[in-house]
Amino acid sequence: MTVLLEIKEKLKLIYSKYEAFILPVAKFLLAFIVLNTLNGRMGYMTKLDNIAVVLIVSLMCSFLPTGCLILFGALFSLLHMYALSLEVLLVGFCVYLVMFLLYFRFTPKDSLVVILMPLLFAMKIPYVLPIAVGLLCGPASVISVGCGVAVHYLFQTVSANASAINTMGEAESSAKIRLMIDGIIGNRGMIVVIAAFAITVIVVYLIRRMSIDYAWTIAMVAGAMTNIVILLVGDLIYDTNISVVGTLLGSVLAVIVAKIIEFFRFCVDYSRTEKVQFEDDEYYYYVKAVPKMSVAMSTKTVKKINSQRVKSGTSMQRNGAPAGRGTSSQYRGQNEGSTGRSVITERTGSASRSAYGNSGRAAGRGSGKSVTIGTTTADAPQGTSDDYEELF
Amino acid sequence: MLNEERIVLMTHMASYENGEGKKNVKIGNYFRSDYIAVQVLKSVVCGTIAYAVVFALYIFCDFETFMQDLYKVDLLAFAKNILIYYGIFMAVYAVLTYAVCTYRYAKAKKNLKNYYHNLKKLNSFYNEQK
């Protein structure tokens, strides 16, 4: 566990150090995967189904706000629908518009779930998202998850009816719209999945908020089981053709991913739980304090052994901190001609857990020390100093 | 001399100003009733558009049958039904908006109060230094 915690601290340190590069790269990769998956699933507009276009748009998404990824994703899907038929575009646009007007106007941040859900469905691991949302977001995110599932089934309906729509003539506009709407609304599989995911999110949220030991672990396992049970019962009642093995494996994977999320977000040590009780004039307080797991990262020690001439009158020098971090002070021997000792004490960064969660600040507030001890000889000719550096 | 406590406080405040603070300041500029009224009004407009979109899809979905039955059905009763559904939908949506906005306003005010308290604290740090 200590090794894992050290790795976590290192990752946090790396992220805080290179955040300016990591974030755009992550956005680029997400946009690239999302758009490629979209092209793979629909791909009716051949001009868009081009790696150069995807790369350009992904690059744009890498430095634009996250909302732009959602916008480009919606635009790509609508253009593919337009290439198939104007009526399909109309239905797709109406679905997006209603979602935006009724819900995402309030919580624009949640709209990322709508992009991630079809992506995870394409990767056959959609069960990760309801558990992750239950752990990280509030109960209102149920609607985002539901919208994500609806968007996935919209894409599925478009793909499933593409050949039928292509064979229909231009005069059969209302038939095309009916086909699309019946395909979405009449899809019992979608209703079952929306119900299962919504209940999973609520179960996970309610349990992880409880004041019980291992609440997060219990929440994710209970959520996964709830999800499996509802999906299987729904399959039995409505014959939705849900793969039992796929559901079980997907749920196991979802729990593993949820454990990783827990490790980074809610890493506490229940063995050191403290329960205290006190009172004031108005209330009795029953407080349960669970300490966070933290470990100080191993620090780098730099030992320098210098042999150099010391000028007379130099009693003490103070130097600036190397690389702009910490402080450095140097003390030297006072008498010329005698063997002096110079000691440089440097503060180097070490990861200490911050209660504020601002990992950026932790970099400069370490407690690690490096000591440099130098031996100075007055008789030694200038320019012939021997320097040694030991890193361990 | 650097005051670590002051720096921590300033970091917190700067982080708040750049993130949630912007929204909260906008909300805080309104009186409670004004903020909620504006939001409910926006919701009514958005809800009406959404309802119109769904209704249009419903009509388009079965356009031929609708046109055939247009002269047979009681248009007044049909319009009455549509308006009743619209009224129920808007009432539910407006109540939900009201609840969400009330919660948001209270939260924003609380956060702003905390922010102004921190501003005073920061000011006292500077006064102590002088």
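Output ³J(HN,Hα) for the stretch B:38-54: one whole-Hz value per residue in order, computed from phi by the Karplus curve 6.51 cos²θ - 1.76 cosθ + 1.60 with θ = phi - 60°, and x for Gly and Pro.
Residue by residue, the stretch B:38-54 yields 5, 5, 5, 4, 4, 5, 4, 5, 4, x, 5, 4, 4, 4, 4, 5, 5 Hz.
How crowded by other chains is A:87-99, given as the mean number of beta carbons from other chains within 10 Å of each beta carbon?
Average neighbour count from other chains, rounded to a whole number: 2.
For chain B, what is the relative contact order in percent, using Cα pairs closer than 8 Å and at least 6 residues apart in sequence?
Over chain B, the number comes to 54 percent.
With the dipole of chain B worked out from charges on the C-beta (+1 for Lys and Arg, -1 for Asp and Glu) around the Cα centre, which of B:I36, B:Y126, B:I84 lies farthest toward the positive end?
B:Y126
Need one value for B:56-63: mean number of C-beta atoms belonging to other chains within 10 Å of its residues' C-beta atoms.
So the per-residue partner count for this stretch is 6.
Roughly how large, in nm² to one decimal, is the mean projection of the convex hull of the alpha-carbon atoms in the stretch B:32-129?
8.8
Just flag the chymotrypsin sites (Phe, Trp or Tyr not before Pro) in the stretch B:37-111 sitting in loop per DSSP whose Cβ has no more than 14 other Cβ atoms within 10 Å.
B:Y71
Contour minus end-to-end for A:A20 and A:K292, with contour as 0.36 nm per residue of separation and end-to-end as the Cα-Cα distance?
95.1 nm
Sorted from fewest to most neighbouring beta carbons within 10 Å, what does the list B:H12, B:H117, A:H80 look like?
Neighbour counts put them in this order, fewest first: B:H117, B:H12, A:H80.
With each label point set 7 Å from Cα along the Cα-Cβ vector, what nm distance links B:K72 and B:R32?
Those two pseudo-labels are separated by 5.6 nm.
What average count of beta carbons from other chains do you get within 10 Å of the Cβ of residues in A:174-183?
4
Quick one: order A:D182, A:D235 by neighbouring beta-carbon count within 10 Å, fewest to most.
A:D182, A:D235
For B:T97, what is the net charge nearby, where nearby means another residue's Cβ is under 15 Å from its Cβ and Lys, Arg count +1, Asp, Glu -1?
Result for the local shell: +3.
Which value in nm describes the separation of the simple spin-label points at B:L96 and B:K23, placed 7 Å from the Cα toward the beta carbon?
Result: 1.7 nm between the two label points.
Any read-out appearing in this document is the output of simple, stated calculations on the displayed coordinates, not a laboratory observation. It should be emphasised that the depicted structure is a prediction, and the values quoted were computed from it without experimental measurement. Here the Cβ is made from the backbone with ideal geometry for all residues, glycine too, and neighbour counts use every protein chain on show.
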